[in-house]
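Notes follow the structure.
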Amino acid sequence: MGMEPEPLSFNTPEGDPVTWEVEAEPWHDPFERRLTLVVQGTRLVQRRVPRAEGREREYLYDLLENEARMGARLLTRLRRDYPPELPRLLGYSLDAEEPFVLLSDRRGEPVTRFSGALLIAEQRGLQVSLFRAVRILSACGIVHRRIEPATVRWDGTTVQLTDLSHATLAGGRRLRLGEAPYASPAQREGVGVASTSDDLWSAGMVLYRTITGREVADRPDLAAAPALQPLHDVFSGAPPTAGEVLARLRAPDPMQSIPVEQDLALEEGRAAFDRAREARRDSPAAPSETAGETAGNDRTRVQPSPAPAEEEPRRTWLTRWLPLAVLLVLLLVLWLVNR
């Protein structure tokens, strides 16, 4: 029995309202489903927050919004030559009763399917493609923060790094997020600022697990894994850049061929997205700010600084008591003169 077409209304990344006719598969667990455009046959993924889940876990709205926000940021910089290693934002609807984002279709399978079973050429290809993804994110000022086997897919040629819901901007305050061995020690402790070094650690751990088939609790021993020698200092206190690792793998820097630039239409789209997000946040049904903090989620909303309470201007002791002191001195002088 075929799927019945249904209309799907949303905003494009540029902020334009559109309606597509799609054929939808059943929801997957129940946050995600795949869609097929009726006219073009293109496949895409719809991720949403169901009403029941949103009531119980309000921070899920923030994660969904962050997925859209980071996707829009990537589009503004990579529009002309979007890399296959990253998911592409196609649209969003934040003011719907069950808000959602639309993304390019998934490629390949989670790397857990290939644990310990890759050929030597595939091992190198996996490393190059994953560090390409980290390098491109770094060039766009983004730290993924959840690179782990569940978010890395492989189709035999190219990685696809999924799930930007926990991503943040490089240089922001580092919050405690993730678990060993895939989250870096600094990220698990929540010290310092978010850095691409966090993603390098996570990528290195995913590669070690996938290529060797072995699990580790902390820093892995790479001595018995010749294919991973280019990663020898990724787990050190002074890790290399993603570009340096690519150079060791004899792979070119992808940013030499991918133009990173601003797209004015998409910048306006990002502004429209922010307005829609703020309108939803200001609505009575908007999720609370506390819920996301409880979940350890980095805040992606623009947090307005609290307005200072009106208070009396501070005055020094001298400024406050000088007039009275002068009056007392004058009274004393007059009393002495009139004695």
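Quick notes on this one:
- Shape analysis of region 20-115 places it in the rounded category; the axes a ≥ b ≥ c from the Cα gyration tensor give an a/c below 1.5.
- A Cβ-based charge dipole, computed about the Cα centre of region 124-249 with Lys and Arg at +1 and Asp and Glu at -1, lands at about 180 debye.
- An oblate overall shape is assigned to region 71-216, the ratio a/c of its alpha-carbon gyration tensor axes (a ≥ b ≥ c) being 1.5 or greater and a/b not exceeding b/c.
- With both labels modelled 7 Å from their Cα along Cα-to-Cβ, the ARG250 to GLU215 distance reads 3.6 nm.
- Probe 1.4 Å, accessible area per residue of region 43-190, Å²: 37 Å²
- Cα gyration tensor category, rounded, prolate or oblate, for region 12-67 with a/c compared to 1.5: oblate
- Stretching GLU4 away from ASP105 to a fully extended chain increases their span by 34.4 nm, per 0.36 nm per residue minus the current alpha-carbon distance.
- Peptides 139-151, 238-250, 188-200 ordered by average Cβ neighbours within 10 Å, highest first: 139-151, 188-200, 238-250
- Whole-Å distance, taken between Cα centres, linking region 105-163 and region 90-104: 25 Å
- Extension gain (nm, one decimal) between GLU98 and GLU23, 0.36 nm per residue minus Cα-Cα: 25.2 nm
The values are calculated or read from the model by the stated rules, or taken from the named source; none is laboratory data. Just so it is clear, the structure is predicted and the values come from calculations on it, not from any experiment. Here the Cβ is made from the backbone with ideal geometry for all residues, glycine too, and neighbour counts use every protein chain on show. Quick note on the areas: whole protein, heavy atoms, side chains included, nothing else; ligands and nucleic acids left out. Shrake-Rupley method; radii C 1.70, N 1.55, O 1.52, S 1.80 Å.
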